[in-house]
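Worksheet: one structure, shown below.
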Amino acid sequence: MTDTSRPLALVTGASRGLGFALAEALADTHHVIAVARTVGGLEELDDRIQKRGGTATLAPMDIVKADAMAQLCRSVHDRWGQIALWVHTAIHAGPLTPVDHLDAKDWKKSLSINTDAMAHLVPYISHLLASDGRAVFFEDNHGGEKFYGHYGTTKAAQIHLARSWQEETRSIGPDVRILSPKPMATHLRARFFPGEDRAALAAPAQEAARLLPDILGA
């Protein structure tokens with residue numbers, strides 16, 4: 001069931017971590033279009049949203065596939081016309097390794113998900129956002145740090161592209177925001193720091209609650 005009286009929020013990377021938590025929280029005020037490859041995670045999200053009295057449309061798709069994203073955006077346009085919010089959390093965490101040990105497969109996957117996908121996601125989704133719409137990205141500053149060759153480089157490129165879009169739309173919209181989450185107990189971080197004390201980290205739901213006013217606020 002779709003609550004057409006609510007604004008639409010598109011969340012890319014909604015099946016786990018911060019994306020999952022934000023999609024769940026946004027369902028209190030928006031109809032959520034949840035995009036991710038992991039079907040089980042999307043189904044769990046849908047169950048949680050329904051328990052909160054919200055609604056969601058699940059889109060089990062791979063953001064790197066431009067044709068699939070074009071089809072999704074066309075379907076959203078034909079059904080609803082536009083969206084109010086795009087929250088982009090999809091990310092790949094390549095393993096920490098010295099630059100001279102970079103694996104070509106890991107590099108290609110990091111580049112494809114973290115950077116290359118932006119080249120079609122922004123053009124497609126920007127047409128769904130009205131001038132008063134909003135796109136939100138999340139900074140994670142590891143560019144240039146040792147052992148972060150995969151993740152740090154490609155994530156930094158993603159954010160620099162978002163900053164260019166932010167400057168280009170500052171006076172005409174949509175509103176492009178770049179936020180900085182605190183370290184969280186996510187699967188992504190566990191890949192980097194498998195032995196870390198996770199009790200000292202923020203839960204994704206807590207961080208989503210902290211970030212939500214900046215995501216929704218004027």
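The values are calculated or read from the model by the stated rules, or taken from the named source; none is laboratory data. Predicted, not measured: the structure shown is a model, and the values here were computed from it. Here the Cβ positions follow ideal geometry from the backbone for every residue, glycine too, while neighbour counts run over all protein chains shown.
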*The lone exception for THR115 - which of (1) of a type in the set (S, T, N, Q); (2) in a helix (DSSP H, G or I); (3) more than 21 Å from ASP67 (Cβ to Cβ) it fails*: (3)
_Residues that are among the small types (Gly, Ala, Ser) and surrounded by 17 or more Cβ atoms within 10 Å (Cβ to Cβ), at least 2 per element: which helices (runs of 4 or more DSSP H) completely within segment 119-218 meet that?_
149-168
*Out of (1) under 13 Å from ILE63 (Cβ atoms); (2) assigned to a helix (DSSP H, G or I); (3) under 16 Å from the mean Cα position of the chain (by Cα), what's the single condition that is false for LYS109?*
(3)
*Could we say that ALA14 is under 16 Å from the mean Cα position of the chain (by Cα), surrounded by 15 or more Cβ atoms within 10 Å (Cβ to Cβ) and assigned to a helix (DSSP H, G or I) here?*
no
*Can you name every residue in segment 69-108 that is farther than 17 Å from PHE192 by Cα and buried (at least 19 other Cβ atoms within 10 Å of the Cβ)?*
MET69, LEU72, CYS73, VAL76, ILE83, ALA84, LEU85, TRP86, VAL87, HIS88, THR89
*Could you tell me whether segment 59-68 includes any residue that is of a type outside the set (Ser, Thr, Tyr), assigned to a strand (DSSP E or B) and surrounded by fewer than 23 Cβ atoms within 10 Å (Cβ to Cβ)?*
yes
_Residues to consider are ASP28, ASP47, ASP78; find the one that is free of Cβ contacts under 8 Å to residues at least 40 places away in the same chain, among the acidic types (Asp, Glu) and not in a helix (DSSP H, G or I)._
ASP28
*Which one is modelled with the lowest pLDDT, of the residues in segment 47-100 that are farther than 14 Å from VAL35 by Cα and within 14 Å of the chain's Cα centre (by Cα)?*
ALA93
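Let's see how each residue does on (1) touching a residue at least 12 places away in the same chain (Cβ under 8 Å); (2) out of contact with any helix residue (DSSP H, G or I) (no Cβ under 7 Å at 6 or more places or on another chain):
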| residue | (1), (2) |
| --- | --- |
| GLU145 | no, no |
| TYR151 | yes, no |
| TRP165 | yes, no |
| GLY173 | yes, yes |
